[in-house]
Every structure is written in C-alpha cells, then in structure tokens.
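See below for the structure under consideration.
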Amino acid sequence: MPADCPDTPLPARERIVLGIETSCDETAAAVVLRTADGRGRILSNVVRSQWEKHRPYGGVVPEIAARAHVECLDAIVRQAVLEAGIDWSGLSAVAATAGPGLAGGLIVGLVTAKTLALAHGLDFLAVNHLEAHALTVGLTEGRAPPYLVLLMSGGHTQLLLVEEVGRYARIATTIDDALGEAFDKTATLLGLGQPGGPAVERAAATGNPHRFRLPRPMLGRDDPNFSFAGLKTAVRTIVAAAAPLTATDVADLCAAFQLAAAESLGDRTRRAMATCAPRLAGTETPTLVIAGGVAANQAIRQTLDRLAQSSGWRLSVPPAPLCTDNAAMVAWAGAERHARGHRDPFDAPARARWPLDPAAKPALGSGRLGPKA
Ligand code: KG4
Ligand code: ZN
C-alpha cells in the first residue's frame, strides 16, 4: 500500500465513490455506492477501449495509450457522473488506479482524480489494480474475505489468499508468461489479431480440442506455481510445421490451447486449495474466486467450477464485463478501504510495479510490465 494517511475509524455510513481506471488500454470511470452494511451497487460504469488506436502496431503502445487517456478521460468521467444521477456533493471520495500498469496512463488517471478530489473537497484513494480485481466479488455478490483468488490478467497469473481487505498472501505466481499474455501471443501466431483472449475463445468454439496434443505445464509439481511460455512455444512449433493453416487448423489449435491452459490452471489451483484449506477452515464453505480478464473465458470458468464442486468448495466469479478492466472495481476497492477509515495523500505516486503481497519473493510474473499490466 502507498504511504498512508493515518487510518481514522469512520462511523458506518453509506458512501458513493467515483472510480477511474487508466492502467492500460481501457479508459474507464464508474460510480459505485457502498451501503453502511457493506453491500455494493453500481450506479454507472463507462468503459472505452482504445484498441483501434493500437491495432496497427499489434500490441499496446504506452505513449499512444497515455495520449488517448488524456483525450477522452474528462468526457468519460462526466458521463459516469451524469449516468449515476448524482452531483459532486453526493460523492465521498475519488479513487484511481495507481498501479501496477503503464506509467503514462497511471499518471493521467491519478492527476485527474487528485484534481477532482481537491476541487470538490473529497477524499482521494490510490487503488492497486490487482486488489480491485481481487475484491470485485464483494461488489457483485457480497462475497467477503477470507477466500482464495486466482487472478489472471494480461500481466499477472497469481493465486492469492485474501485474508481481509488490505491483507494478501501470495500462494503462487507464474514463473514466466502471464496467461493473458499467452492467449494474446497465441492469437497473434494464428493471425487472429487482438485482443487475443476473446478471439481465441471464439475460434475454439468450433474446434476439436483433442486433434493437437499440447503440454500441460507444471502438471503434478508440488508447488502450485504456473508456467505458460512452453505452451505458447508448442503452438508456435505446430504453426511452423503445419503452415499454411486452414480455418479448421486454427479452430482446433485454439481449442487445444484453451483446454491445455484450463487443465494446467485446474491442476495448479487444486494444489493451492489443498495448501490453503486449513487457513479457510473457519469459513462455512471455502471459496475460490476467479478474477481478471482471462476469468471471462467460459471454458476456464467451467473447468474451475467443476474443480470447486468436486472439492466441496464454492466458486465465485464476477460477470464477464467486470472481469476485464473497468472502473467499477476501482471505485469498489476505494469504497472498501474508505469504509475502513483509509484515504491516501495527494502525493501518492504512480507505481508501475506494485505487488499485493510485499513479503512475497519477487518473481517475473508478480508485478512486471508486460504488454498489459
Ligand atoms: O484484466 P484485464 O482486462 O487487463 C489487465 O489487467 O491485464 O486482462 C486482459 C487479458 C488480455 O490478455 C486478454 O486477452 C485476456 O485478459 N482476456 C481473455 C478473455 N477476455 C480477455 N482471455 C481468454 N478468454 C477471454 N474471453
Ligand atoms: Zn486488469
């Protein structure tokens, strides 16, 4: 967490928070209400993808992303406040993603949020993007910690024990690529374009997952860490051998990739569940949460749902549009921390790297900058 303003206990009351998200290639603003007893409601949720601006380059270009946030963030914030049907005096705080992510974009969102908070006499919160993904189920279904979360985005693949809001223990991480990155690179190899995850999922829908045999990385290993670089390399080798690919080849490869990714995730997560079960023993039914952009994938959701059911766990997963980047999750993480008496100073910095568990050993996939954060 950033250098904190001292936490002061606040009386239980309703709060309405404006959230701003600019860590990568989505410009987003949202207004969320948190009731005095901790339930959440989205009052507005505006997301604008910049993808068309990055398409010619085949990946997110940091400077183009920052410039695009500057161009549209004001209008998006105005739209979010208007659609929420509130005026500025109804807000308690402004929250913005402060990291991890692309520094230029983070600075645009942070400076905007700080200016709005100062101008309207509101509190300011610097939100960790990973924390926002991890806490989204509190907003969507009132799920409270403790739980185990499998967080899968463009730059991260981690299993974290969410002990309480603000306290996270990393159980596992990828030792090379993030899963979202592997989806995106596979899409590029197969000529499907970006964003890669949804494109691979669409192509996989008509494919035969058993025609090509891809590796299941880390299968059976004692530690629950992930690895996806070998999977991507295996796809590259097949593509080189089978070129030119027919539409059926592409569909079959996508289906095989998705199945291998899902099975690897299932195996690693089963290990982590075994490790964490004693730490969740106090809860009625232990909960596995999945979050981040890759959690929008239906095949992966189904695999983890089956795993949870067969293990006597409950699976919690936000609706797909709240798995991918959005500002409602940022507003909610801000509201959760504000309700606990927290606010941040106006000199809170942008943090390109910002691991959620500061005690965990640094690892490649635990906060590095990828094509997405
Ligand atoms: O959380 P997110 O929107 O942004 C980051 O914080 O990185 O995650 C983006 C990642 C991208 O790699 C994207 O290809 C992947 O999530 N993704 C998907 C799906 N939708 C988005 N991967 C697989 N299947 C999907 N349906
Ligand atoms: Zn994200």
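The values are calculated or read from the model by the stated rules, or taken from the named source; none is laboratory data. Model, not experiment: these values are computed from the prediction. All Cβ positions, even for glycine, are placed from backbone atoms using ideal geometry, and neighbour counts span all protein chains on display. Areas reflect the complete protein model, heavy atoms only, side chains present, ligands, DNA and RNA absent. Shrake-Rupley method; radii C 1.70, N 1.55, O 1.52, S 1.80 Å.
Of the residues examined, Val31 is not one that is within 15 Å of ligand 1 (Cβ to nearest atom) and in contact (Cβ under 8 Å) with a residue 40 or more places away in the chain. Criterion applied to Ala247, Ala274 was being open to solvent by 50 Å² or more (accessible area, probe 1.4 Å), over 23 Å from Lys185 (Cα atoms) and at pLDDT 95 or above, and the one residue passing it is Ala274. Looking only at residues in the range 295-334 that are in a loop (DSSP other than H, G, I, E, B) and within 19 Å of Thr22 (Cα to Cα), the one that is farthest from ligand 1 (Cβ to nearest atom) is Ala327. Taking the range 180-191, which residues are without any contact (Cβ under 8 Å) to a residue 60 or more places away in the chain and open to solvent by 30 Å² or more (accessible area, probe 1.4 Å)? Matches in the range 180-191: Lys185, Leu189, Gly191. Annotation: Asp252 fulfils all but one of (1) farther than 25 Å from Glu131 by Cβ; (2) within 16 Å of ligand 2 (Cβ to nearest atom); the unmet one is (2). All of Ala75, Ala80 fail the test of being crowded, with 24+ Cβ neighbours inside 10 Å and over 22 Å from His342 (Cβ atoms), apart from Ala80. Where strands (runs of 3 or more DSSP E) sit wholly within the range 58-160, none has at least 1 residues that are under 30 Å from Gly191 (Cβ atoms), of a type in the set (Phe, Trp, Tyr) and away from ligand 2 (no atom under 16 Å from the Cβ).
Against the test of being more than 16 Å from ligand 2 (Cβ to nearest atom) and buried (at least 23 other Cβ atoms within 10 Å of the Cβ), the options Leu288, Leu315, Leu307, Leu280 yield a single qualifying residue, Leu288. Checking each residue in the range 109-136 for being of a type in the set (Val, Ile, Thr) and either buried (at least 24 other Cβ atoms within 10 Å of the Cβ) or closer than 16 Å to Gly166 by Cβ (or both) picks out Val127, Thr136.
For the range 263-294, taking the residues that are of a type in the set (Val, Ile, Thr) and not in a helix (DSSP H, G or I), the one that is nearest to ligand 1 (Cβ to nearest atom) is identified as Ile290. Whether a residue is within 16 Å of ligand 2 (Cβ to nearest atom), open to solvent by less than 20 Å² (accessible area, probe 1.4 Å), more than 21 Å from Arg279 (Cβ to Cβ) and touching a residue at least 40 places away in the same chain (Cβ under 8 Å) was assessed, and Gly196 does not pass this test.
Can you confirm whether Arg48 is in contact with a Cys (Cβ under 9 Å, 6 or more places away or on another chain) and not aromatic (Phe, Trp, Tyr)? So Arg48 fits the description; yes. If you go through the range 171-179 one residue at a time, do you hit one that is away from ligand 1 (no atom under 16 Å from the Cβ), buried (at least 19 other Cβ atoms within 10 Å of the Cβ) and within 18 Å of the chain's Cα centre (by Cα)? Within the range 171-179, one or more residues are away from ligand 1 (no atom under 16 Å from the Cβ), buried (at least 19 other Cβ atoms within 10 Å of the Cβ) and within 18 Å of the chain's Cα centre (by Cα).
Residue-by-condition table, conditions (1) of a type in the set (A, V, I, L, M, F, W, C); (2) in contact with a Phe, Trp or Tyr (Cβ under 8 Å, 6 or more places away or on another chain); (3) at pLDDT 95 or above:
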position	(1), (2), (3)
Val61	yes, no, yes
Ala75	yes, no, yes
Gln79	no, no, yes
Ala95	yes, yes, yes
Gly99	no, yes, yes
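Looking at this structure, is Thr269 polar (S, T, N, Q) and surrounded by fewer than 18 Cβ atoms within 10 Å (Cβ to Cβ)? Here the answer is no, as Thr269 does not meet what is asked. Has the range 173-191 got at least one residue that is in a strand (DSSP E or B) and in contact with a helix residue (DSSP H, G or I) (Cβ under 6 Å, 6 or more places away or on another chain)? Yes: the range 173-191 contains one or more residues that are in a strand (DSSP E or B) and in contact with a helix residue (DSSP H, G or I) (Cβ under 6 Å, 6 or more places away or on another chain).
Scanning the range 192-233 for residues that are within 16 Å of ligand 1 (Cβ to nearest atom), out of contact with any helix residue (DSSP H, G or I) (no Cβ under 7 Å at 6 or more places or on another chain) and part of a loop (DSSP other than H, G, I, E, B) returns a single hit, Ala205.
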